[in-house]
1. Assign one of three labels to chain A, namely rounded, prolate or oblate, based on the Cα gyration tensor with a ≥ b ≥ c the square roots of its eigenvalues; rounded applies when a/c is under 1.5, prolate when it is not and a/b is larger than b/c, and oblate otherwise.
2. Using only helices, what value at 222 nm comes out for the protein assembly as shown when you add -39,500 (n - 2.57) per DSSP H run of length 4 or more and divide by the total residues, to the nearest 500 deg cm²/dmol?
3. What spacing in nm lies between the two simple spin-label points modelled at B:TYR14 and B:LYS130, each 7 Å away from Cα in the Cβ direction?
4. Report, in degrees rounded to the nearest 10, the 0 to 90 angle that the Cα long axis of helix A:224-233 makes with the longest principal axis of chain A.
5. What angle do you read, to the nearest 10 degrees and between 0 and 90, between the alpha-carbon axis of helix A:237-265 and the longest principal axis of chain A?
6. State the extension gain, in nm to one decimal, for the chain segment bounded by A:VAL244 and A:ALA105, taking 0.36 nm per residue of separation less the distance between their alpha-carbons.
7. Identify all lysines with a Cα-Cα distance to A:LYS125 below 24 Å; exclude those on the same chain that are fewer than 8 residues away in sequence.
8. Which of rounded, prolate or oblate describes region B:1-149 when judged by the alpha-carbon gyration tensor and an a/c cut-off of 1.5?
Amino acid sequence: MTADLTQATRAASAAKASAQRRAKPAGTIALPLISGIGGLVAWELVVRLMKLPPYLLPAPTHVAQVMVEYWWMLMRQLGFTAFAAVVGFLIALVLGVLAGAAITASRTVDRMLYPWLVISHAIPKVVVAPLFIVWIGFGLTSEIIFVIVFTFFPIVVNTVTGLKSADLDLLTLVRSMGASPLQSLWKIRIPGALPSIFAGIKISATLAPVGAVIGEFVASNQGLGHMLLQAVGSLETPLAFAAVFVISVFGIAIWYLAELVERLSIPWHASQRGTILGA
Amino acid sequence: MNAVALSKVEKTYYAGQGDVHALGPVSLAIRAGETLAVVGPSGCGKSTLLRIIAGLDDATGGSVRVADREVTAPIPDVGIVFQRDLLLDWRTVIDNVLLPAELQKRIDRPTAVKRAEALLEELGVAEFAKRYPWELSGGMRQRVAIARAMLCKPAMLFLDEPFSALDALTRDQMNVILQGVQAGQGVTTLLITHSIQEAVFLSDRVVVMSGRPGTVLDDIPVHFPRPRRLSLREGPQFVDIARRIRVHFERAGVLVG
């Protein structure tokens, strides 16, 4: 008993130490901050010393100035892009998990669909983008479908991987307790697959803004992608840089949101354990 | 009355590179309330035997009857503890213990919670009820697995080398703890183990199996009064029984010296 308790305490201390290591902000925040600021200063100096024209390469201070000036327009365009990205991603999430479950549940569906899914993923999606205008027309629907095409595959693949790699011993255990196939799915397969599904979600979450922007390049007259094209076309490079900056921040934010949802949903998983006892 | 009756049970695995005759024929019975330990060398089919009795695997010959019924599917009134504790990472300790009640719905949740708490208390892990399994040591995890197996007051408890992954000291502790739980429940127990000492200490009868295909070499009654203390293992009668088992392994070449 004492030995057990000692081991448990040791496990708890180890996890706490690991949590503290994770939480230690000094190096992890300061160093990238220093290099980032250094990069911006260098960029500013190059533009000023070489007297580069803003249409070729605007200085960071110039981009910041344009961002302030066009702030509300940028936010409005971000709203369009974010809407397409989030709606497309959520539809892909539902479809992807359902398709993954169907592929896992039925060997026939697996054999019929999975090879084609893999083959279709190999087709460069940007190449088929113009075809969506022919098939669906110009506008938000095309844009959303483009996001779905971009984000669907990682979710399906990771769902299938997660559901198929259920621990056979756990399945035997619940079978010995009289579990029905549905109970096995609900109690063992799905919770066990969540880490893998979240891995797919995080990949797709970063692809969603990319899909939305490319959709706006070819099939929309609104959103940051469209704005970016227009700014480049009219040599308003500082505005183009501002749009790129906003898209990037949005991409990072959506990734962190997915990370947060993962942390709250699977606190038990090895990747999150340090944060439990540290909290 | 027999809780389990096996008659000429056999198991052959049909594989591409030739069939493997893993078990049998085995005929034996386990009386209601009895603790039967099965010892044998690795690969002799001990675990297969347990899985066949539990209805988790099909025999390729003979018949298996549990509570006077032919076994054709997983039997309902049994708690099983496997070599791996098989606790679900995503459930807290108490939720792991409650799993069989959720699946079988034989007892309502408030009753199940009360019983789970009592079992965790009895097994000395009540203070970790809200923790996740990864926060526990191997011995504590296996206690939780025992609590889970006992939750629905099963008529039978099957233990498939439950303590083989634990260190010697923890293993001794677990033997004493298990004996206490068994005594409280009066449950018919089938224990599969590699450990001769563990088999003699915990059981009312030890069945010694041969190497593959596993058959019964010896069936030894163990009549020590309960509760048993660990010091029992140093007594001459205990040593005699352990020696009788060991001789079978020495003859088979499993143990030398």
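1. Numbers: a/c = 3.28, a/b = 1.38, b/c = 2.38.
Taking the square roots of the gyration eigenvalues as a ≥ b ≥ c, chain A is oblate.
2. Numbers: 20 runs with 320 residues, N = 536.
That comes out to -20000 deg cm²/dmol.
3. Simple spin-label model gives 5.5 nm for this pair.
4. Rounded to the nearest ten degrees, it is 30.
5. Between the helix axis and the principal axis of chain A, the angle is about 10 degrees.
6. Numbers: separation 139, 0.36 × 139 = 50.04 nm, distance 4.24 nm.
The span from A:VAL244 to A:ALA105 would gain 45.8 nm if fully extended.
7. Of all the lysines, those that pass the test against A:LYS125 - Cα under 24 Å, at least 8 places apart if same chain - are A:LYS202.
8. Verdict is prolate for region B:1-149.
Each value in this text was obtained by applying a stated rule to the coordinates, not by laboratory testing. Here the structure is a predicted model, which means the values were calculated and not measured. Positions of Cβ are generated from backbone atoms using ideal geometry, with glycine treated the same way; all protein chains shown enter the neighbour counts.
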